[in-house]
1. Quote the Stokes-Einstein diffusion coefficient, in whole µm² s⁻¹, for the range 28-125, based on the Kirkwood radius over alpha carbon pairs, a temperature of 25 °C and a viscosity of 0.890 mPa s.
2. With the crude spin-label approximation of a point 7 Å out along Cα→Cβ, what separation in nm comes out for Asn154 versus His61?
3. Hey, what does the equivalent ellipsoid look like for the range 136-233, semi-axes from the Cα gyration tensor as sqrt of 5 times each eigenvalue, largest first, whole Å?
4. Between Glu212 and Glu125, what length in nm is gained on full extension when 0.36 nm per residue of separation is reduced by their alpha carbon distance?
5. Once phi is turned into ³J(HN,Hα) by the Karplus curve 6.51 cos²θ - 1.76 cosθ + 1.60 with θ = phi - 60°, what whole-Hz value does each residue of the range 68-78 show in order, with x for glycine and proline?
6. State to the nearest 20 debye the size of the charge dipole of the range 1-138 about its Cα centre, where the only charges are +1 on K and R beta carbons and -1 on D and E beta carbons.
7. What Kirkwood Rh does the chain have if only Cα atoms enter the pairwise 1/r average? Answer in Å.
8. Take Ile197, Ile186 and sort them by solvent-accessible surface of the protein heavy atoms, 1.4 Å probe, largest at the top.
Amino acid sequence: MAAFPFSPSFPFSIVGLDLDGTLLDTSGDLTAAVNHALASAGRPALSIEQVKPMIGGGARHMLAQGMAASGGCSEAELEVLLRRLLDFYEANICVTTRPYPHALEALDRLAQMGVTLAIVTNKLERFARAILDDLALTPRFAAIIGGDTMGPGNGKPSRLPIDAMIERCREAGSGGGRAAFVGDSIYDIAAAHAAGIPAIACRFGFLMQPIEELGADAIIDGFDELIPALERL
């Protein structure tokens, strides 16, 4: 969390980030979990590149797309396989997952400027916290909001998790000031805009469509571009 007075020259006092495909490359561990569930149903494995566009809408959405790639399944079968996926993922949650290049340097610089940081993800909150704990990143964030934190059906693209992020960050000491959000999917951009704040899209993320179609206020190719992009908004 922020340890320095907020710099009045920087335009934002709160910066929120998505987790999968934004702060962290979780594609290897998520692909392993999807393939575990698929194998248990006798389905062929998928590559990391095939799974990446399926990530972002939560585990159930990801698995449904994985099953659809090899013929689909019933709702009842999906529920059984989802439990297998989640159990496997929880037991193997941070095997290959790592921050993207320059991500930690960007977070350090934002903290030095007094910016309050937060995570808003469609991953279950307990999984998000487990990963951040494993990577020793949890203390950096004033708020960690998962896809289930605000209740069923209230993950991104709902504005509710973004509103909660802003409220919790202000309670943690950021005061007023503007907020911005960084993500890699239409869910991220839509949620930020619904909450009335600007959104930055990551070209290096798990893109479901051409990044220019997301309607973001700025696009970055790497975390070394994040602070300059924020300064231009």
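1. D = 165 µm²/s.
2. 1.8 nm
3. 21, 17, 13
4. Answer, rounded to one decimal: 28.4 nm.
5. 4, 5, 10, x, x, 6, 7, 4, 5, 5, 4
6. Dipole about the Cα centre, nearest 20: 80 debye.
7. 17.8 Å
8. From most exposed to least exposed: Ile186, Ile197.
The values are calculated or read from the model by the stated rules, or taken from the named source; none is laboratory data. On a predicted model such as this, the values are computed, not experimentally measured, just so you know. FYI the Cβ positions are ideal-geometry reconstructions off the backbone, even for glycines, and counts take in every protein chain you see. For accessibility, only protein heavy atoms count, side chains too; no ligands or nucleic acids. Shrake-Rupley method; radii C 1.70, N 1.55, O 1.52, S 1.80 Å.
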